[in-house]
Amino acid sequence: MIDLKNNRQQAFDKLATLQRDQQPLFGLMTPQHMIEHLVWGVTFSNGVFPQQQIVTDDMALKLRPLLMHTVKPYPKGIKTPMLGDTPPPLKYADIPAAIEELKLALIAFDKFFETNTTAINPALGVLNYEEWLMVHNKHFKHHMGQFGLV
């Protein structure tokens, strides 16, 4: 289980075991792409990259049980309309640098919610801190599972 509220370091420790050339069990991302993708996702909720809702309110309410309120994992190969068919160019020098950026993004997430009550998720609508934690925990678990870390 990933618990970014109470045991964040465990996720970082697992990510630190990734090797640059490690192959995914599914999907196209390299280990570093996966970590940078997690950074990108966290920026939706920390004020760095605010989002607009891209689905109707009714659809967001229908998606919540499927993407948030279930113990079922995300399906392998799930696609988001916000990403292309291939991973984007890498932004950071290496895996340790990407992990550091992820740590900073999560610190910014905590700080953002000290003064804000909600942030918009493109598919799920307006979410509070606890709801975003649910989303991030599931998202991290999905991608860490991509490399056999969970």
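Computed values, structure above
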quantity	calculated
Cβ-Cβ under 7 Å pairs, at least 6 apart or on other chains, the stretch 102-125 side of a type in the set (D, E, K, R), far side in a helix (DSSP H, G or I)	LYS103/PHE12
Subset tally (residues that are in contact with an Asp or Glu (Cβ under 6 Å, 6 or more places away or on another chain) and among the basic types (Lys, Arg)) for the stretch 92-133	0
Test: residue in the stretch 64-84 that is more than 25 Å from LYS111 (Cα to Cα), modelled with pLDDT of 95 or more and surrounded by 14 or more Cβ atoms within 10 Å (Cβ to Cβ)	no
Leading residue by the ranking (farthest from LYS62 (Cα to Cα)) among those in the stretch 114-150 that are among the aromatic types (Phe, Trp, Tyr) and surrounded by 19 or more Cβ atoms within 10 Å (Cβ to Cβ)	PHE147
Residues that are part of a helix (DSSP H, G or I) and exposed (fewer than 14 other Cβ atoms within 10 Å of the Cβ), drawn from the stretch 36-58	ASP57, ASP58
Residue match in the stretch 62-73 (condition: of a type in the set (Lys, Arg), in a loop (DSSP other than H, G, I, E, B), under 26 Å from LEU25 (Cα atoms) and out of contact with any strand residue (DSSP E or B) (no Cβ under 9 Å at 6 or more places or on another chain))	yes
Residue match in the stretch 37-49 (condition: over 23 Å from GLY148 (Cα atoms), out of contact with any Leu (no Cβ under 8 Å at 6 or more places or on another chain) and of a type in the set (Val, Ile, Thr))	yes
Boolean, PHE49 is without any contact (Cβ under 8 Å) to a residue 60 or more places away in the chain and within 19 Å of VAL126 (Cβ to Cβ)	yes
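The values are calculated or read from the model by the stated rules, or taken from the named source; none is laboratory data. This is a predicted model, so every value here is computed, not measured. Glycine gets a Cβ as well: all are built from the backbone with ideal geometry, and neighbour counts include every protein chain shown.
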